[in-house]
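**Q** To start, I am sharing the structure in question, which I have written as structure tokens.
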Amino acid sequence: MVHFLHPGLSPRTIVPPDARKDVLGFLVVQEDASPYSLVNICLNVLIANLEKLCSERSDGTLCLPEHWCFPQELADRFVWLMTRQGKLTDRTASIFQSNRMKLKLVNIQKAKISTAAFLKAFCHHKLIELDATAVHTDLSIPDILSGLCSNSWIQENLRRLILDSTSIPRDSRLLFFGQLTGLRVLSVFNVCFRSEDLANVSQLPKLESLDISNTLVTNISALLTCKDRLKSLTMHYLKCLTMTKPQILAVIRELKCLLHLDISDHGQLRSDLAFHLLQQKDILPNIESLDISGSNYITDGAVELFIQQRPAMQFVGLLATDAGYSDFFSAKKGLRVAGGANISQISEALSCYRNRSCFMKEALYRLFTETFSTQITMPAILKLVAVGMRSHPLDLPVQFTGSACALNLTRQGLARGMPVRLLSEVTCLLFKALKTFPHYQQLQKNCLLSLTNSRILMDVPFDRFDAAKFVMRWLGKHESPKMQAMAVSITSILALQLSPEQIAQLKEEVFMAVKELLAIVKQKTAENLDDVTLLFTLKALWNLTEQSPAICRHFIENQGLAIFIQVLETFSETAIQSKVLGLLNNVVEVKELFPKLITEDMVKHISSLLHSKDLEVSYLAAGIIAHLTSDKQPWISCDLQRTALLQDLYATIQKWPSSSCKMTALVTYRSFKTFFPLLGNFSQPEVQLWALWAMYHVCSKNPSKYCKMLVEEEGLQLLCDIREHSEADPQAQQIAASIVDDFKMYFINYQRPSLC
């Protein structure tokens with residue numbers, strides 16, 4: 001039995017049983033806060049590895065192993081997941097040719113498969129439901145009908161057929177549905193479906209639900225043929241109707257079994273059919289659901305009277321009308337309203353109209369206004385926004401308004417109450433919209449604003465590579481200072497989240513970003529303005545240059561050293577000094593740049609900062625000196641100065657507290673490999689001592705990360721060599737031994753065969 005309560009119940013999509021609540025409008029947001037089901041995890045792994053797990057037929061299609069057998073529910077879900085991921089093709093659909101796959105509820109929405117593949121893969125199964133919404137034009141409605149009717153079991157038992165937005169060849173005439181005698185639910189929304197096709201369909205003996213929205217039907221009189229069995233009729237935006245209002249109402253009046261009627265309008269037609277319908281007293285006596293959204297001249301009084309005369313009503317659609325604002329609609333128990341008067345009505349509208357862009361953009365606009373200053377976490381609403389954006393990827397108003405609503409619903413405090421998976425979905429949709437509409441600046445701003453959310457930027461999975469590319473390009477647009485500051489702060493964090501290999505792939509964008517960031521530093525320094533933008537800019541440059549020799553060279557080539565020397569001469573704040581020194585530590589790891597770095601100004605400032613009272617500043621200055629003095633060659637003309645620096649370095653390290661102490665901000669490393677040349681430099685124990693102090697420090701703060709790094713990069717042996725070396729400095733030997741002994745259990749966990 002099929003129940004019809006509102007447009008969401010007029011089935012336009014077929015999904016596996018566990019997702020039925022979505023179709024019925026009940027969004028279970030808790031799923032976004034829960035782990036993925038084991039079944040879906042297994043099926044996703046299978047889909048990702050189909051090429052490896054399947055054999056290949058002579059025609060190039062895939063075939064599952066012979067001993068594999070899928071129960072019906074699992075097979076249905078398998079098709080659905082493949083379709084959703086865009087993996088259902090002629091090559092992969094062939095795995096369903098086998099009788100070991102028993103399909104019943106098939107969803108191939110938007111699949112790119114040919115007629116031949118469809119016939120072979122699906123038409124021999126005992127299907128009772130098929131959703132072929134917007135399948136590729138290679139598979140047309142006549143071909144689908146022909147394939148289905150080739151199976152006598154399907155002819156008698158197929159109950160639900162969804163063909164929304166599916167193509168029909170121009171030379172096609174009548175669509176033959178007549179053989180599908182078991183059909184109860186048919187949807188041909190946005191299809192070249194004509195009045196003669198309606199006459200054919202109306203004769204189906206079991207038809208209960210019909211959607212002919214946005215079709216070419218000019219006359220609905222054929223519906224009188226099924227007036228005693230039709231329970232649901234959806235004819236939204238029936239723009240080609242040539243009947244008069246009295247003629248249309250006369251047909252509707254005869255449909256006494258109707259429980260659901262949708263005569264909503266696109267808004268462009270400015271139809272008054274609903275206005276006249278509401279005036280009728282002897283019409284739709286059993287109606288439970290009426291949708292008149294987008295209609296003209298609708299008033300609260302007229303709708304209230306209509307509902308009061310029909311006590312069974314449970315739903316009314318009033319979006320984009322002047323009705324729905326009286327207390328009646330909130331007070332009447334059991335009545336759901338899809339409208340724009342309040343958040344409840346808007347939520348219902350978003351759920352009902354997910355497949356109608358005209359109403360989706362209207363509902364999103366109302367939602368934006370309603371949530372502009374909200375302080376309530378609403379994950380269910382955000383989920384509906386995501387559904388709307390995913391359903392209409394090429395509709396700019398939907399994408400833009402949806403992005404604005406997403407911002408309202410995920411402001412800093414609100415995002416903390418949202419499931420990570422839901423935030424990930426929304427963020428990915430924003431970037432998808434960005435790629436679809438690359439020149440729409442306000443949409444770009446919304447994406448940028450979303451990334452300023454610390455919850456999203458730090459905790460949520462999304463494509464950080466694409467995000468970094470977008471943000472770095474934005475830096476070059478010379479936007480307002482506020483937008484520039486946001487782009488800088490995001491860059492500073494994303495740069496740390498990308499691997500050196502990814503940064504190398506973004507060479508063009510990074511080079512441009514470094515130039516812009518240096519320009520910002522230069523401007524702030526000239527203005528003597530030590531604001532938060534300067535701090536984020538310095539941090540961004542520090543993170544971008546880490547383990548990136550090409551970026552370090554680009555920094556030097558663009559007068560970066562001179563600019564940073566000027567920063568040190570202008571500002572004395574330790575927060576600024578530490579970021580300048582952090583970047584210079586990255587640059588001095590590139591040996592070929594030593595000659596450009598060993599300058600009088602550089603040595604003077606670094607020597608001075610070595611004696612800073614701030615431990616982090618002193619530590620970072622010491623790192624620069626350790627690297628620069630590790631090679632004698634660049635110092636040939638000033639060896640005495642190098643010797644003095646080494647002595648100063650050694651004396652300073654003796655004054656530092658234990659290497660397990662806390663610095664104001666924990667220095668982090670992606671690799672120890674740049675330390676290894678320093679560890680092997682037994683002729684200069686000062687250099688060796690700094691590297692050991694640094695390694696013990698970070699290991700004591702995050703042993704699981706850095707002990708694993710030491711083992712994987714084979715640095716543990718270098719520590720053993722220092723401990724056992726006869727000419728090693730005693731203090732260096734002591735720290736090396738402390739690292740090996742104090743973190744021995746961590747090293748053992750990483751399964752190296754022996755410790756020194």
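Read the figures in this text as sums done on the coordinates, not as results from a lab. Note that this is a predicted model, so its numbers are computed, not measured. Methodologically, a virtual Cβ is constructed for each residue, glycine included, from the backbone with ideal geometry; neighbour enumeration extends over all protein chains shown.
**Q** Suppose the chain between THR242 and LYS744 were pulled fully straight at 0.36 nm per residue; how much longer would it get relative to their current alpha carbon spacing?
**A** 172.2 nm is the gain from fully extending THR242 to LYS744.
**Q** Remind me, relative contact order of the chain in percent, using alpha carbon pairs under 8 angstrom and six or more residues apart?
**A** Taking the mean separation of contacting Cα pairs over the length of the chain, I get 5 percent.
**Q** May I ask you to list the lysines whose Cα is less than 17 Å away from that of LYS227, ignoring any residue fewer than eight positions away on the same chain?
**A** Hits, sequence-local ones excluded: LYS206, LYS256.
**Q** Let me ask you something else. Local charge sum around SER612 (other residues, Cβ-Cβ under 12 Å, Lys/Arg +1, Asp/Glu -1)?
**A** -1
**Q** If I model a spin label at VAL420 and CYS69 as a point 7 Å from the Cα along the Cα→Cβ vector, what separation in nanometres do I get?
**A** 4.0
**Q** When the expected Rg is taken as 2.2 N^0.38 Å, what fraction or multiple of it is the alpha-carbon Rg of the chain?
**A** 1.25
**Q** Using Cα atoms only, what is the angle between the long axis of helix 343-352 and the major principal axis of the chain, expressed in degrees (0 to 90) to the nearest 10?
**A** So the helix axis and the longest Cα principal axis differ by about 70 degrees.
**Q** Return a single number: how many Lys pairs in the range 460-564, at a sequence separation of 8 or more or on separate chains, have alpha-carbon atoms below 20 angstrom apart.
**A** Count of close lysine pairs: 19.
**Q** Sorted from largest to smallest, which semi-axis lengths in Å does the alpha carbon gyration tensor of the range 330-408 give for its equivalent ellipsoid, taking the root of 5 times each eigenvalue?
**A** 20, 15, 10
**Q** Turning to a different aspect of this structure: Divide by every residue of the chain the summed helix terms, -39500 (n - 2.57) for each DSSP H run of at least 4, and state the resulting mean residue ellipticity at 222 nm, rounded to the nearest 500 deg cm²/dmol.
**A** -15000 deg cm²/dmol
**Q** Please report how far the C-alpha centroid of the range 185-238 lies from that of the range 679-756, rounded to the nearest whole angstrom.
**A** Using only Cα atoms to place each centre, the spacing works out to 78 Å.
**Q** So how tilted is helix 481-497 from the main axis of the chain? Cα-based, degrees 0 to 90, rounded to 10.
**A** 80
**Q** Under the Karplus relation 6.51 cos²θ - 1.76 cosθ + 1.60, θ = phi - 60°, what is the ordered set of whole-Hz ³J(HN,Hα) values for the range 681-695, x standing for Gly and Pro?
**A** Couplings: 8, 6, 7, 10, x, 4, 5, 4, 5, 4, 4, 5, 4, 4, 5 Hz.
**Q** Continuing with this model, one more query. What percentage of all Cα-Cα pairs in the range 34-170 are separated by more than 27 Å?
**A** 16
**Q** Return a single number: how many Lys pairs in the range 91-199, at a sequence separation of 8 or more or on separate chains, have alpha-carbon atoms below 15 angstrom apart.
**A** Total qualifying Lys-Lys pairs in the range 91-199 comes to 4.
**Q** Against the longest principal axis of the chain, how steep is helix 357-370, in degrees 0 to 90 to the nearest 10, with axes from Cα atoms?
**A** Compared with the principal axis, the helix lies near 60 degrees.
**Q** Kindly state, to the nearest 0.05, the FRET efficiency for GLN523 paired with LYS596, given R0 = 25 Å and r defined as their beta-carbon distance.
**A** Computed FRET efficiency for GLN523 and LYS596 comes out at 0.60.
**Q** Let me ask something additional. With label points built 7 Å along Cα→Cβ from the Cα atoms of TYR36 and GLU712, find their separation and express it in nm.
**A** Calculated label separation equals 2.2 nm.
**Q** Follow-up. Only bridges with both residues in the chain count here: give the DSSP antiparallel percent, nearest 5.
**A** 5
**Q** Rounded to the nearest 0.05, what FRET efficiency do ARG253 and ALA312 have when you use their Cβ-Cβ distance and R0 = 22 Å?
**A** 0.80
**Q** Gain in length, GLN85 to LEU269, computed as 0.36 nm per residue apart minus the alpha-carbon separation, to one decimal in nm?
**A** 62.6 nm
**Q** At what distance in nm do the modelled label points of GLN633 and THR668 sit from each other, each positioned 7 Å from its Cα along Cα→Cβ?
**A** 3.4
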